[in-house]
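S.K.: Have a look at the structure that comes next, please.
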Amino acid sequence: MFSALFKRDLSGFFYSNSAYFVFAAYALISMLMCIFKGEYFFIGDDSLRSFFVFQPQIMALIIPIITMRGWAEEYRSSTVEVLMSFPVSTLKMVLSKFFSAWCAALIMSLAVIPLIITQALYIDSDWGSIFCSFIGFVLGCAVLCAAGTLASALTAVPAVAYVAGLTFSFVIINFNANAIIPRLSDNLPFFFERVFDFSAWYQNFLNGQVNPAGVFYFVALTALLLFFNWLIIFNRRERQ
Amino acid sequence: MIEIRGLVKKFGSFTALDNINFKVQKGEIVTLLGPNGAGKSTLMRCICGCLLPDAGEILIKGKKLREDLLFCLEKIGYMPENTPLYPEMSVAEYLRFTGKVFQMSDDDFKKNLSLMIEKLDLSSVMNKKISTLSKGYRRRTGVAGAMIHRPEILILDEPTEGLDPNQKQALREFLKEYSLHSPVIISTHLLEEAENLSSRVLILNNGKLIRDTDFKDLKKQAPRGNLNQLFYELTNGGKNV
């Protein structure tokens, strides 16, 4: 039954032509940032760093478009009532929304393929480093999808869900505990020093390190956001 | 089959359902009747697990809904008010989706699908997107979605709203037939609907269950057989008190 929900949620993204417009916009923005801002052709980028380094900001703009309809549209059209009457646990409903959004974001990231082909044909590439960056990108997308899905669960208006998702995403990717409490963080172990620092962990992956603590950070943050999402949907039954 | 004990649902300070008690057995078709805002839809949402009550119990086949939510929901087929459906799906896709959510086998699904197509006259729209359907076909698709898994309890919120007289009659006949082996609860604010469909009527007003009676008895109580007059008197002319 989870697969039925997942397929429905995923196909919902591709229902309107606007999904393809968003995908095209993502591909264009990513390429422009990579080529012009990242100077891809000038620096002889062997690790595709000039592509991956801008992805958190770009994804923070684009992923809330993917996730905004998730719960908000269910509330707006009242299909949430049908959904709630199905013998499906709240957790499965939340996971279905999340995984379908994540999957759509990864499908969108296929826009990187021309760049990979260019890389393979013309540049002596560091494939290990590219792979690490890709892992960081996939995990980063998971966090932003969870944030966007959470934002969507807060409102019945998709546009408001987009703004909320955008805000959550930018707070997550730009928040740095060290900037607020530098003295405190000086005395903390490495993991806790970076515990709220998305950029630092992401940077680790771009540097070619798949650090278990980094993986744990992204997975734990995703799980925390999904837990809040679950809490909101679960409480809807109580307080609606 | 269904037992409601002391059900209370509040929205802030507003009491939508106030100490509701009744039982519905196999073979019964029950109409929830009441003016707009009486609490009919809220009661249905509570029975279907969309809303959890503030007090009281809902028992489905002897199990408490709050404690065995998924078990209870497996037994129920529900169509909410205004028939919310996924517009991007075709009718066939929607029914297939519902069948999969209820984990139906392919054989059961095919058998029930044929029955739904025949009884609800859906053959001409099976491959049409729901967004393109007329109100009547949307309603029938919603009913089919609620019934596709042959639920042991069927709950429909204003199922004949928007249907033409022939479609209404066909649906009533189908529901009567269905109620022989599974209880059916429908809501309406139309006396005509209650008269045509049900053996038993529950009248709600201001969140309270003010009558639980056989339709024939209700008719006997009506002054000069005027049901509208009786309904007006029972519900205080639809005014909130």
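The values are calculated or read from the model by the stated rules, or taken from the named source; none is laboratory data. Every value quoted in this text rests on a predicted model; they were computed, and no experiment measured them. Note that each Cβ is placed from the backbone with ideal geometry, even for glycine, and that neighbours are counted across all protein chains shown. SASA here: full protein model, heavy atoms, side chains in, ligands and nucleic acids out. Shrake-Rupley method; radii C 1.70, N 1.55, O 1.52, S 1.80 Å.
The rows are residues; the columns are (1) open to solvent by 10 Å² or more (accessible area, probe 1.4 Å); (2) within 14 Å of chain A (Cβ to nearest Cβ).
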{"residue": "B:Gln25", "(1), (2)": "yes, no"}
{"residue": "B:Val30", "(1), (2)": "no, no"}
{"residue": "B:Glu57", "(1), (2)": "yes, no"}
{"residue": "B:Tyr78", "(1), (2)": "yes, yes"}
{"residue": "B:Gly99", "(1), (2)": "no, yes"}
{"residue": "B:Met104", "(1), (2)": "yes, yes"}
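S.K.: Let me ask something else about it. Pick out the one residue from B:Leu120, B:Leu85, B:Leu73, B:Leu175 that is of a type in the set (A, V, I, L, M, F, W, C), out of contact with any strand residue (DSSP E or B) (no Cβ under 6 Å at 6 or more places or on another chain) and closer than 30 Å to B:Glu57 by Cβ. Spell out the reasoning first.
M.R.: On the way: B:Leu120 fails: closer than 30 Å to B:Glu57 by Cβ; B:Leu85 fails: closer than 30 Å to B:Glu57 by Cβ; B:Leu175 fails: out of contact with any strand residue (DSSP E or B) (no Cβ under 6 Å at 6 or more places or on another chain).
Just a single option satisfies the conditions, and that option is B:Leu73.
S.K.: Would you call B:Glu195 acidic (Asp, Glu), modelled with pLDDT under 90, touching a helix residue (DSSP H, G or I) at 6+ places or on another chain (Cβ under 8 Å) and closer than 26 Å to B:Ile4 by Cβ?
M.R.: Criteria met by B:Glu195.
S.K.: Select from the stretch A:73-99 the residues that are within 11 Å of chain B (Cβ to nearest Cβ), assigned to a helix (DSSP H, G or I) and of a type outside the set (Asp, Glu) and list them in ascending order.
M.R.: Within the stretch A:73-99, the first condition is being within 11 Å of chain B (Cβ to nearest Cβ), and the residues that meet it are A:73-90, A:92-93, A:96.
From what is left, the residues that are assigned to a helix (DSSP H, G or I) are A:73-76, A:79-84, A:90, A:92-93, A:96.
Selection gives A:Tyr75, A:Arg76, A:Thr79, A:Val80, A:Val82, A:Leu83, A:Met84, A:Thr90, A:Lys92, A:Met93, A:Ser96.
S.K.: Where in the stretch B:11-90 are the strands (runs of 3 or more DSSP E), entirely inside, with at least 2 residues that are within 24 Å of B:Arg138 (Cα to Cα)? Before you say what the answer is, go through the steps one by one.
M.R.: Details: elements: B:14-24, B:29-33, B:55-60, B:76-79.
Because the criterion is at least 2 residues that are within 24 Å of B:Arg138 (Cα to Cα), the strands (runs of 3 or more DSSP E) in the stretch B:11-90 that meet it are B:29-33, B:76-79.
S.K.: Please go through the stretch B:122-145 and pick out each residue that is farther than 22 Å from B:Glu192 by Cβ and among the hydrophobic types (A, V, I, L, M, F, W, C).
M.R.: Within the stretch B:122-145, B:Leu122, B:Val125, B:Met126, B:Ile130, B:Leu133, B:Ala144 meet the criteria.
S.K.: Taking B:Ile117 and the conditions (1) within 19 Å of the chain's Cα centre (by Cα); (2) buried (at least 17 other Cβ atoms within 10 Å of the Cβ); (3) in a helix (DSSP H, G or I), which numbered condition does it fall short on, given that it satisfies the others?
M.R.: (1)
Here is a yes/no grid of residues against (1) in contact with a helix residue (DSSP H, G or I) (Cβ under 8 Å, 6 or more places away or on another chain); (2) over 25 Å from B:Gly162 (Cβ atoms); (3) open to solvent by 50 Å² or more (accessible area, probe 1.4 Å); (4) within 14 Å of another protein chain (Cβ to nearest Cβ):
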residue: B:Gly6; (1), (2), (3), (4): no, yes, no, no
residue: B:Lys9; (1), (2), (3), (4): yes, yes, no, yes
residue: B:Phe14; (1), (2), (3), (4): no, yes, yes, yes
residue: B:Asn21; (1), (2), (3), (4): no, yes, yes, no
residue: B:Ser41; (1), (2), (3), (4): no, no, no, yes
residue: B:Asp68; (1), (2), (3), (4): no, yes, yes, yes
residue: B:Cys72; (1), (2), (3), (4): no, yes, no, yes
residue: B:Thr83; (1), (2), (3), (4): yes, no, no, yes
residue: B:Met89; (1), (2), (3), (4): yes, no, no, yes
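S.K.: Let me confirm something: among A:Ser78, A:Ser16, A:Ser89, A:Ser11, which residue is at positive phi and open to solvent by 20 Å² or more (accessible area, probe 1.4 Å)?
M.R.: Values: A:Ser16 fails: at positive phi; A:Ser89 fails: at positive phi; A:Ser11 fails: at positive phi.
Of A:Ser78, A:Ser16, A:Ser89, A:Ser11, the one residue that is at positive phi and open to solvent by 20 Å² or more (accessible area, probe 1.4 Å) is A:Ser78.
S.K.: Of the residues that make up the stretch B:32-39, is at least one surrounded by fewer than 24 Cβ atoms within 10 Å (Cβ to Cβ) and touching a Ser or Thr at 6+ places or on another chain (Cβ under 6 Å)?
M.R.: yes
S.K.: Okay, next question. Which residues, taken from the stretch B:175-196, are in contact with a Phe, Trp or Tyr (Cβ under 9 Å, 6 or more places away or on another chain), open to solvent by less than 50 Å² (accessible area, probe 1.4 Å) and assigned to a helix (DSSP H, G or I)?
M.R.: First pass over the stretch B:175-196, keeping only residues in contact with a Phe, Trp or Tyr (Cβ under 9 Å, 6 or more places away or on another chain): B:184, B:191, B:194-195.
Filter once more, so that each one left must be open to solvent by less than 50 Å² (accessible area, probe 1.4 Å): B:184, B:191, B:194.
B:Leu191, B:Ala194, listed by residue number.
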